[in-house]
Structure formats: C-alpha cells, structure tokens
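Below is one structure, written out as structure tokens, with a few remarks after it.
The values are calculated or read from the model by the stated rules, or taken from the named source; none is laboratory data. In this text, all values refer to a predicted model and were calculated from it rather than measured experimentally. Because the Cβ atoms are built from the backbone with ideal geometry, glycine has one as well, and the counts that use them run over all protein chains shown. When the accessible area is computed, the model is the full protein with side chains, heavy atoms only, and any ligands, DNA or RNA have been set aside. Shrake-Rupley method; radii C 1.70, N 1.55, O 1.52, S 1.80 Å.
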Amino acid sequence: MKKLLFLIIAAACIIASCSKDDRFDTGLFPANALNKAIPSHVPVIVVPPDADGDGDDTDDLLTAIEGSEPGSVIKLLEGEYHLRYMEIIDFNVSIIGAGKDKTIIYPKTPLAEKIQLDANQIPCWLRVIGGEVCIAEMTFSTDVPEPIQDYPDEPSLGKDLPTIFAFADYTDKFRPDNSYLKIVVRNVNFIGGTDDAAGPGWMTDHNTLMGIWCGPDFFWPLEGIEYPLIKGEFTITGCHFDHFLDDIEGFGLGENAIMSVASSKFDNSWAPLYFTANYNSKINICNNVFSGSTFFSDVIIEDIDFGILSNSNIQPVKRCQYILTGNVFHDMYPISSVLLWDTWVAIDPAERLPMLPILKGNIFNLTGGSTGITVYNSQDAVISNNRFTGSCTAGIMIDGVTTDRYGTPLPNEVFAKNALVLGNNFSGLEPSTAAIVLGEKSMNCTVVGTGKEKVIDNGVNNKITGIRKVPGDFHFGPTLRDNSGMWRGMRHR
C-alpha cells in the first residue's frame with residue numbers, strides 16, 4: 001500500500017462539479033466531461049475549496065489523497081485554497097486545477113519549517129518524495145506576510161521560505177530499494193511574495209527563495225549516512241515564475257536523472273535557473289522566455305557541490321549534458337544571459353567529468369554592459385546558430401579562470417578548450433569590445449563566422465574562419481561573485 005507520510009502535499013486538481021450535499025464527489029468520468037488534461041476513464045476525486053468553512057483545505061486534500069487509487073486524478077475547482085505544510089510520499093496521482101488564473105493556492109501560515117529542519121530536511125511548503133505525480137493548471141502564490149516561522153538556529157534563512165516545492169526520490173525516513181520519482185509540473189503559475197528586506201535572512205525583498213527544488217532532501221549530510229544522487233524524470237513545462245531569487249534549481253542529479261524545463265516564462269527574478277552538482281545526467285532547457293532578471297544571470301550552470309554531497313558515492317560515468325535550445329533572453333540589466341562555469345576540471349577531472357554544454361538556436365536581446373554567453377573553463381562547448389541583438393560588452397566570451405564563482409582559488413591551471421562557435425548571427429549587435437572574445441586561457445577553439453563580425457583572440461591555437469580578427473587586450477575583469485542561488489552554501493557556515 002502506498003503510504004502518505006507526515007502531513008501531505010498541497011497541490012491542486014482537475015475541473016468538474018461536485019454535489020452540493022457531498023464534500024467529495026468521486027467516480028469515473030470520460031475526459032470531455034472535465035477537460036482535456038484528464039485521461040479518459042480514470043478515477044476522479046473532486047475537492048472544492050473550503051468545503052467545511054474553516055479556511056484550511058489541508059485535511060480535505062489529505063482525505064482525497066489517502067483514498068485515491070494509483071493513477072487517480074485529484075481535481076480542484078475554481079477558487080482559493082489554503083494549505084499547510086504537506087508531503088506526498090510514493091503516490092501515483094495527478095493533481096489538476098481549473099486553470100492558472102482560476103485555482104489559486106496560498107499557504108496557511110505560518111508554515112511549520114522548524115520541524116523540517118529538526119528532521120534534517122529541505123525546508124519547503126510542499127514536498128513530493130517518490131512515485132509519479134502530475135501537478136497542473138493552477139497558481140501557487142506566497143504573496144502573504146511572513147509565510148514561515150522564524151529560524152532561531154538558522155539566521156541565514158530568517159523568515160524567508162526556501163522553496164515552494166521540494167522534489168526528491170528518497171529521504172532518510174523513506175529509502176526504497178528502487179527509489180524513483182517522475183514529476184510533471186504543467187501550466188502552473190508560481191508567484192513569489194515580498195518582504196521588507198530587513199532582519200535575518202536574505203537581504204532582498206523576496207519572501208521565497210525558490211519556486212522548485214529538484215535535489216536531495218537533506219539539509220546537511222549527517223555523519224555515517226550515504227546520500228545517493230537523485231534518480232527520476234523531472235518535467236516542468238508551460239509554467240510562469242515571477243519574483244524569486246531562483247525560480248528552479250537542479251542539484252545532485254545523477255546518471256538515472258533527466259530534467260526538462262520547457263516553454264515557460266521567467267520574470268523579475270535574480271537568477272531564474274540554477275544548476276550545479278549534477279553528475280552523469282541530462283538537462284534540457286528549451287523554448288523558454290527570460291525577462292527582467294536583476295542580479296547575475298538568467299541561467300547559471302556550474303558543477304560544485306559546496307561539500308553537501310560529501311557523503312555521496314559519485315562515479316564519473318558520463319559527462320553531464322546541458323542542452324539549451326530555442327530560448328529567448330530579454331536582458332534589461334548588465335548581466336550574462338547564460339553563465340557556464342566548470343570547476344572540477346581544475347580540481348580533479350577524473351573524479352568529476354567536465355560538463356558538456358550545447359547552446360543552439362537561442363535569441364539574446366542584450367543591453368549595455370551585458371553578455372549573451374559567458375563560458376569559463378568549459379571543455380568542448382558547442383555554441384551555434386544563436387542570434388544576438390542590442391548593445392553589450394560581448395556576445396560570447398570564452399576563457400579559463402583560476403577561481404570558482406565565489407573567488408576560491410583553484411589548485412590547477414585550466415583552459416577553456418575545444419569550443420565550437422559557428423553559424424551565429426550578430427548582425428543586430430553593437431558590442432563595446434567584439435562579438436566574440438577568446439581570452440588568454442582559451443585553447444584549440446574553432447570560430448566560424450560570416451565575415452562581418454569581429455573577434456578578439458588572445459588565446460592559444462584557436463582557429464578563426466570567416467570572421468575579422470581585431471586586436472584587443474581585453475581582460476574579463478575581477479572574479480564574478482554571487483550571493484544568490486546557493487542558500488544551501490550558507491547552511492552551516
């Protein structure tokens with residue numbers, strides 16, 4: 001029997017009607033009686049908002065989930081729902097609402113985060129562990145005052161909620177022999193709230209740091225316990241994220257993990273997508289639109305784990321592949337749209353294989369002082385058929401660096417090697433340096449252009465074809481530093 005542990009999860013459900021006399025209406029319905037999101041002839045449980053008038057829908061959802069059969073649909077109707085902290089453990093269920101702007105989920109505050117920290121879990125609002133879960137057609141909003149309890153022992157968190165959703169395939173309390181998680185988040189709005197940016201915690205006006213966390217469900221590795229890399233399929237599509245530090249993070253994914261972020265919009269966040277410490281996995285980022293990122297980058301991809309995976313048995317099976325295609329970046333601030341930063345290649349490439357990034361067919365609309373693609377220490381990066389417009393420092397920068405992203409010196413000198421740059425369109429770009437800059441620690445890179453662009457090549461044995469080389473002693477400047485995106489790096493300072 002599937003078991004629901006702890007409290008439960010708050011999500012939402014499909015569209016239908018319910019009896020005025022019954023709090024739940026269950027049965028089998030053809031797909032067209034509800035909406036196209038529901039498979040035909042599946043068990044459906046309808047949960048109306050605030051059925052008992054207490055302003056808390058948590059127990060109603062608990063009853064529905066506990067009574068569901070594998071493959072059931074839990075449907076939420078149009079209206080507002082209020083949910084406490086919840087968990088779903090090892091269920092096969094779809095939770096579908098009446099639409100993004102029709103089914104709105106708010107936290108029933110204050111959320112019980114201290115009990116999660118005491119259990120060494122990632123503090124979150126809604127937790128899904130194992131099983132197969134689809135969440136669709138609704139909005140999650142933390143636009144409420146002080147959504148969580150204060151953290152007396154964790155001043156780095158203050159009253160900021162770390163994440164709305166935490167997805168993982170195991171916890172210390174739930175470790176099946178064949179753990180796996182299949183997650184689909186489809187057509188969902190995630191709206192982050194604001195605070196006064198004062199007191200303990202992150203000194204920003206965000207009251208929620210992340211919309212979705214895909215990664216290990218522990219706050220810090222405990223002595224004597226091994227934490228495997230995450231296994232599963234994570235699909236986030238057709239969603240909208242607004243006003244978080246990081247909208248989505250993928251951390252600690254392993255060789256049996258695939259993650260896809262597609263056809264979604266990201267507005268007014270610090271660094272919308274952040275990926276690190278993923279080894280041997282495959283991550284696709286395609287057909288998304290980024291706008292108004294305020295601090296550092298739209299997409300940050302690196303490979304350090306901050307010591308959080310120190311108790312994990314990580315084998316260098318294959319290179320972690322990142323594929324970015326069809327994305328549109330509207331940069332209104334002087335940031336780098338995409339930042340790639342390999343670190344393990346300068347520590348021990350045999351222990352952690354270099355990442356394998358592929359960027360094809362993206363559009364970069366840049367502003368003064370920004371950069372489209374910044375590549376540090378990468379090996380074999382492919383950057384092709386992208387379009388760059390607007391004003392910027394450079395469209396593409398490639399170089400080796402001697403520190404990690406936080407300024408910590410790396411033990412070995414490393415070059416950015418074997419990058420392939422071809423078929424990119426810079427016709428609408430006005431860079432202050434050049435369309436492409438190859439730094440002093442770039443090596444064996446190949447650049448193929450149309451003859452109209454300019455490239456600065458200060459590297460070693462790079463091959464430039466069909467593009468005009470110009471002199472330039474361009475230096476990438478001081479090490480980029482960042483206070484966002486890695487609240488986990490501050491867990492135990």
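Scanning the stretch 213-242 for residues that are at pLDDT 95 or above and over 18 Å from Asp305 (Cα atoms) returns Gly232, Glu233, Phe234, Thr235, Ile236, Thr237, Gly238, Cys239, His240, Phe241, Asp242. Consider the stretch 313-325 and keep the residues that are out of contact with any Lys or Arg (no Cβ under 8 Å at 6 or more places or on another chain) and surrounded by fewer than 18 Cβ atoms within 10 Å (Cβ to Cβ). The one that is farthest from Ile283 (Cα to Cα) is Asn313. Per this entry, Asn365 is not counted among residues that are among the polar types (S, T, N, Q), surrounded by fewer than 16 Cβ atoms within 10 Å (Cβ to Cβ) and either in contact (Cβ under 8 Å) with a residue 24 or more places away in the chain or part of a strand (DSSP E or B) (or both).
Evaluating Ser336 against the criteria (1) touching a strand residue (DSSP E or B) at 6+ places or on another chain (Cβ under 6 Å); (2) more than 19 Å from Val401 (Cβ to Cβ); (3) among the polar types (S, T, N, Q) leaves one unmet condition, (2).
Report yes if Ala381 is open to solvent by 30 Å² or more (accessible area, probe 1.4 Å) and not aromatic (Phe, Trp, Tyr), otherwise no. Break it down into steps so the answer makes sense when it comes.
Details: open to solvent by 30 Å² or more (accessible area, probe 1.4 Å): no; not aromatic (Phe, Trp, Tyr): yes.
Judged against the criteria, Ala381 is not a match.
Taken together, the criteria exclude Asp305 from residues that are among the acidic types (Asp, Glu), under 19 Å from Val401 (Cβ atoms) and modelled with pLDDT of 95 or more. Selection of the stretch 409-452 for residues being farther than 16 Å from Val382 by Cα and of a type in the set (S, T, N, Q) yields Asn412, Ser427, Ser432, Thr433, Thr450.
Would you confirm whether any residue within the stretch 400-416 is basic (Lys, Arg), surrounded by 22 or more Cβ atoms within 10 Å (Cβ to Cβ), under 27 Å from Phe275 (Cβ atoms) and within 30 Å of the chain's Cα centre (by Cα)?
Kept after step one, since they are basic (Lys, Arg), are these residues of the stretch 400-416: 405.
Okay, now just the ones that are also surrounded by 22 or more Cβ atoms within 10 Å (Cβ to Cβ), so none.
No.
As for the stretch 114-134, it holds no residue that is assigned to a loop (DSSP other than H, G, I, E, B), open to solvent by 50 Å² or more (accessible area, probe 1.4 Å) and touching a residue at least 40 places away in the same chain (Cβ under 8 Å). Considering only residues in the stretch 99-113 that are open to solvent by less than 30 Å² (accessible area, probe 1.4 Å) and not in a strand (DSSP E or B), the one that is modelled with the lowest pLDDT turns out to be Glu113. Among the strands (runs of 3 or more DSSP E) confined to the stretch 36-98, the ones with at least 3 residues that are within 16 Å of Ile135 (Cβ to Cβ) and in contact with a Pro (Cβ under 9 Å, 6 or more places away or on another chain) are located at 72-76, 86-96. Filtered by the rule that a residue be polar (S, T, N, Q) and either part of a strand (DSSP E or B) or open to solvent by less than 10 Å² (accessible area, probe 1.4 Å) (or both), the stretch 231-278 gives Thr235, Thr237, Asn256, Ser260, Ser264, Ser269, Thr276, Asn278. Residues in the stretch 435-463 that are over 17 Å from Arg387 (Cβ atoms) and either free of Cβ contacts under 8 Å to residues at least 12 places away in the same chain or touching an Asp or Glu at 6+ places or on another chain (Cβ under 9 Å) (or both): 11 in all.
Taking strands (runs of 3 or more DSSP E) that do not extend beyond the stretch 368-435, which have at least 2 residues that are over 22 Å from Phe296 (Cβ atoms) and not polar (S, T, N, Q)? Please lay out each step first, then the result.
Details: elements: 371-376, 382-384, 387-399, 420-422.
Of the strands (runs of 3 or more DSSP E) lying wholly inside the stretch 368-435, those with at least 2 residues that are over 22 Å from Phe296 (Cβ atoms) and not polar (S, T, N, Q) span 420-422.
Read through the list (1) open to solvent by 10 Å² or more (accessible area, probe 1.4 Å); (2) of a type outside the set (D, E, K, R); (3) free of Cβ contacts under 8 Å to residues at least 40 places away in the same chain, then give the number of the only condition that Asn287 fails. So the condition that Asn287 fails would be (3).
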